[in-house]
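Below is one structure, written out as structure tokens; comments come after it.
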Amino acid sequence: MALKQHKDDQVRYNQQVDNSRNYVLPFIEQTKPIKDGTTVLEIGCGEGGVMVPFLEKGAKCFGVDLDKIRIDIANDYLKDEVAAGKAEFLLKNVYDEDFLQRFKGYFDVIVLKDTIEHIPEQEKFVPYIKQLLKEDGQIFFGFPPWYMPFGGHQQVAEHKIAMLPYYHILPKPIYMGILKLIGEPKNKLIELEEVYDTRISIERFERILKKSGLQVKNKQHYLLNPIYKYKFGWKPIKQTPIITAVPFVRNFLTTCVYYTVG
Ligand SMILES: C[S@@+](CC[C@H](N)C(=O)[O-])C[C@H]1O[C@@H](n2cnc3c(N)ncnc32)[C@H](O)[C@@H]1O
């Protein structure tokens, strides 16, 4: 019983475009205006929809993703922009040596939207992607903290009962055992285990930024993630400053965080 956008590429693409236009781009522009010729990279771009509002502003956009089906869709949906040389969608691991060689110090803005929580060893990853930035460049991160009700991404599961909140924070053997018992298929078990292994809290994320020599330019925590507007019709709600300020506890009540750093 995965949600509609997990099965329908066009729905997922449209949600990426709308969420980016109304929330991601305006948030980034609070600290970094997007203009003609601004160079933008989305790591984990999926179907490429997040880049559309940036393209509309005249930015030169690149997307990179490991998933061939999703990159093929990006190259199809945005074929006019690709043909015009305004966009490139690359089937690659961002860690590929030739990627770094081509793009070292190239980007004004790097976007990671719902991607950092899928990347192993974020302590190494963040300093690595910093090399792709121009000196005054900025990185946007938007992600659901691990301890939030659905931080295990259990909404992608096949069975409705597997979508219950919070039980993903149980020890791994118990959590994975429950998913197996419910009868989740192998591909879902692999996907959910991957999120378990790469889980990231707000505190660990902020420690990684500090260690990587990155300063927070802007941040917004949400009680209700803006993307829920498109997924469930729920209005986004910003987290209260009091909860935002309370370490650890805030993770349980914050469904999404946005940061720009540089
Ligand atoms: C949850 S999706 C997010 C897609 C899109 N940004 C969005 O907001 O809808 C995360 C994406 O990151 C990609 N990804 C994970 N590790 C990667 C890596 N090392 N290099 C490139 N892409 C990666 C995955 O293939 C996946 O498509």
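The values are calculated or read from the model by the stated rules, or taken from the named source; none is laboratory data. The shown structure was predicted, so the numbers you read here are calculated from the model rather than taken from an experiment. Note that each Cβ is placed from the backbone with ideal geometry, even for glycine, and that neighbours are counted across all protein chains shown.
Against the numbered list (1) outside any strand (DSSP E or B); (2) within 16 Å of the ligand (Cβ to nearest atom); (3) within 21 Å of Pro226 (Cβ to Cβ); (4) of a type outside the set (A, V, I, L, M), Thr31 comes up short only at (2). Hey, among the residues in region 109-125 that are farther than 18 Å from Val195 by Cβ and surrounded by 21 or more Cβ atoms within 10 Å (Cβ to Cβ), which one's farthest from the ligand (Cβ to nearest atom)? Per the stated criteria, the residue is Val109. Of the helices (runs of 4 or more DSSP H) contained entirely in region 138-226, those carrying at least 3 residues that are over 29 Å from Tyr23 (Cα atoms) and not assigned by TED's automatic domain parsing to the domain that holds Phe252 fall at 172-182, 186-197. I need a count of the residues in region 27-65 that are acidic (Asp, Glu) and crowded, with 18+ Cβ neighbours inside 10 Å. Residues meeting the conditions: 3. Restricting to region 46-65, give me the number of residues that are within 14 Å of the ligand (Cβ to nearest atom) and under 19 Å from Lys35 (Cβ atoms). Matching residues across region 46-65 total 7. Within region 66-90, the set of residues being within 16 Å of the ligand (Cβ to nearest atom) and loosely packed, with under 13 Cβ neighbours inside 10 Å comprises Lys68, Ile69. For region 126-162, the tally of residues that are of a type in the set (Gly, Ala, Ser) and either at positive phi or surrounded by fewer than 23 Cβ atoms within 10 Å (Cβ to Cβ) (or both) stands at 1.
Of these, Val24, Val82, which one is part of a helix (DSSP H, G or I) and over 15 Å from the mean Cα position of the chain (by Cα)?
Going through Val24, Val82 in turn, the sole match is Val82.
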